[in-house]
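Enquirer: Supplied in structure tokens, the structure appears directly below.
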Amino acid sequence: MYKDISGDKVTALSTSVVEAGPDARATISRQFRTREFRKHPYIRVMSYNILADCYAKKYDIFPQCPPFALEIEYRVHLIVNELVNFKADVICLQENDRKVYDYDLYPVLSHLGYEGEFIKKGGEVDEGLSVFYRKDRLEKLESKGVVLCESLQEPRFGHIWEKIRTNEALVERMMLPTSAINIVSFQSKDNSGKFLVVGNTHLYHKPDANHVRLLQAEMCLTELQLQKKEILKKHPDAEVGILFCGDFNSRPASGVFKYCIEGKIEADYPDWSSSPGEEVKELTLQHSFSLGSACGT
């Protein structure tokens, strides 16, 4: 079969253990349903926490995972494969290392017709949030990033600050997370009367911080509402959709989920008292969006 092949005979001796390559069977079965891009009036959205390299081995929180599978050089090829083959129109990524964005994701996805927006989270870590979108479906109007703890005392969040400012423990807790929101506004290229505001976030992760996540969710929704108003000022007859994506570190039974879907959280909701000494008192939240859930899809 190979009798016509000629060339030098080469032998190489590996200096390390040769591990098995990635098992892509599960990936291939998922991608079976996304062989083609969606067409107008539909869009496909993908939201994915890709685990920043700076966290992968730092805290020993993945003991069930073999060390080689945590290496970014191993994972990044699987990540790119997922992003490319899900044929999404909008991709929202959390825990996106800047180096992975710059040297792995953006070069590949831009070659395939995507454009991207990256913002760094607060603090010292060099990871953040990115939004990729198909340039032939969406025209970017504006993008911005907001680090939540750095904006807490600004006037647009006065309804929150007024209720928590006298609780030193709560204020200190709210200043700890480096959570941010990446907001990108689009106009549809298929229908110029339709606009889309995409918010991508990664809420605080501590188990006893349901109250913090609720406040962060409210800050994110406030930002999205303001962005929608800006579009309507310029385009009064526009239809503006809201897409709120991210890693919310919350279960479907949580206050964050309830608030996003139902539009209101009462002042006596249990999540406000999720951490003793940091209770949020006399704060009822309400938003005007009509949001649905893609949890589990």
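Enquirer: Given H placed on each backbone N at 1.01 Å, which residues far from Glu142 in sequence or on other chains put an amide H within less than 5 Å of it?
Expert: For Glu142, whose amide H was placed from the backbone, the distant partners under 5 Å are Ser185.
Enquirer: Moving to a separate point now. Got a sec to turn the phi values of region 169-182 into Karplus ³J(HN,Hα) couplings, 6.51 cos²θ - 1.76 cosθ + 1.60 with θ = phi - 60°, whole Hz, x for Gly and Pro?
Expert: Using θ = phi - 60°, the values come out as 5, 5, 4, 4, 5, 5, 7, 6, x, 9, 4, 9, 10, 9 Hz.
Enquirer: State the dimensionless ratio Rg/Rh of the chain (Rg: radius of gyration of Cα atoms; Rh: Kirkwood radius).
Expert: Answer for the chain: 1.03.
Enquirer: Could you sort Glu127, Glu73 by accessible area so the largest value comes first, with the probe set to 1.4 Å?
Expert: These residues rank, largest area first, as Glu73, Glu127.
Enquirer: Working out 0.36 nm times the residue gap between Ser29 and Leu13, then minus their Cα-Cα distance, what length gain in nm do you get to one decimal? Walk me through the numbers on the way to the answer.
Expert: Working: separation 16, 0.36 × 16 = 5.76 nm, distance 3.53 nm.
My answer for the length gained is 2.2 nm.
Enquirer: Over region 81-230, what percent of the accessible surface lies on carbon and sulfur atoms, probe 1.4 Å?
Expert: Working: 2730 of 5890 Å².
So the carbon and sulfur contribution to the accessible surface is 46 percent.
Enquirer: What are the ³J(HN,Hα) couplings of region 240-246, residue after residue, when phi is run through the Karplus curve with 6.51, -1.76, 1.60 and θ = phi - 60°? Round to Hz, x for glycine and proline.
Expert: For region 240-246, the Karplus-derived couplings read 10, x, 10, 10, 10, 10, x Hz, x marking Gly and Pro.
Enquirer: Hey, what's the chain come to in accessible area per residue, 1.4 Å probe, Å²?
Expert: It amounts to 57 Å² per residue over the chain.
Enquirer: Across region 94-100, in residue order, what do the Karplus-derived ³J(HN,Hα) couplings come to in whole Hz, using 6.51 cos²θ - 1.76 cosθ + 1.60 with θ = phi - 60° and x for Gly and Pro?
Expert: Once rounded to whole Hz, the list reads 10, 6, 8, 4, 4, 5, 5.
Enquirer: So if I place +1 on the C-beta of Lys and Arg and -1 on the C-beta of Asp and Glu, and nothing else carries charge, what would the dipole magnitude of the chain be about its Cα centre? I want it in debye, nearest 20.
Expert: 1000
Enquirer: Then there's this: Excluding Lys229 itself, calculate the net charge of residues whose Cβ lies under 15 Å from the Cβ of Lys229, where each Lys or Arg counts +1 and each Asp or Glu counts -1.
Expert: Result for the local shell: 0.
Enquirer: Could you pull the accessible area for Lys206 with a 1.4 Å probe, rounded to 10 Å²?
Expert: About 90 Å², rounded to the nearest 10.
Enquirer: Moving to a separate point now. Which far-off residues, 5 or more places away or on another chain, put their amide H under 5 Å from the one on Leu291, with H placed in the peptide plane?
Expert: So Leu291 has HN proximity to no qualifying residue.
Enquirer: Something else about it: Within region 176-297, count lysine pairs with alpha carbon atoms under 15 angstrom apart where the residues are 8 or more positions apart or belong to different chains.
Expert: The result is 4.
Enquirer: Two decimals is fine: what is log10 I(q)/I(0) at q = 0.11, 0.21, 0.22 Å⁻¹ for region 80-201, from a Debye sum with one equal scatterer on every Cα and no solvent?
Expert: Log10 of I(q)/I(0), two decimals: -0.46, -1.13, -1.20.
Enquirer: A further question follows. GNM, the chain, Cα, under 10 Å: largest mean-square fluctuation among Phe62, Phe37, Phe86?
Expert: Looking only at Phe62, Phe37, Phe86, the biggest GNM fluctuation is shown by Phe62.
Enquirer: For Ala52, which sequence-distant residues (separation of 5 or more, or a different chain) have an amide H within less than 5 Å of its own amide H, given hydrogens modelled in the peptide plane?
Expert: Placed amide hydrogens put nothing under 5 Å from Ala52.
Enquirer: Rounded to the nearest Å, what's the spacing between the alpha carbon centres of region 207-245 and region 77-93? Just the number, please.
Expert: 25
Enquirer: Efficiency by 1/(1 + (r/R0)^6): what FRET value for Asn191 and Glu168, r their Cβ-Cβ distance, R0 = 51 Å, to the nearest 0.05?
Expert: 0.50
Enquirer: Cα gyration tensor of region 159-297, axes a ≥ b ≥ c as square roots of the eigenvalues: rounded (a/c below 1.5), prolate (a/b > b/c) or oblate? It would help to have the intermediate numbers written out before the result.
Expert: Details: a/c = 2.17, a/b = 1.90, b/c = 1.14.
Prolate is the answer for region 159-297, as a/c is 1.5 or above and a/b outweighs b/c.
Enquirer: Where does each of Lys57, Lys228 land when they are ordered by accessible area, with a 1.4 Å probe and the largest first?
Expert: On the way: Lys57 105, Lys228 55 Å².
Correct descending sequence by accessible area is Lys57, Lys228.
The values are calculated or read from the model by the stated rules, or taken from the named source; none is laboratory data. In this text, all values refer to a predicted model and were calculated from it rather than measured experimentally. When we count neighbours, we look across all protein chains shown, and the Cβ atoms used for this are built from the backbone with ideal geometry, even at glycine. Accessible surface is based on the protein model in full, side chains and every heavy atom, while ligands, DNA and RNA are left aside. Shrake-Rupley method; radii C 1.70, N 1.55, O 1.52, S 1.80 Å.
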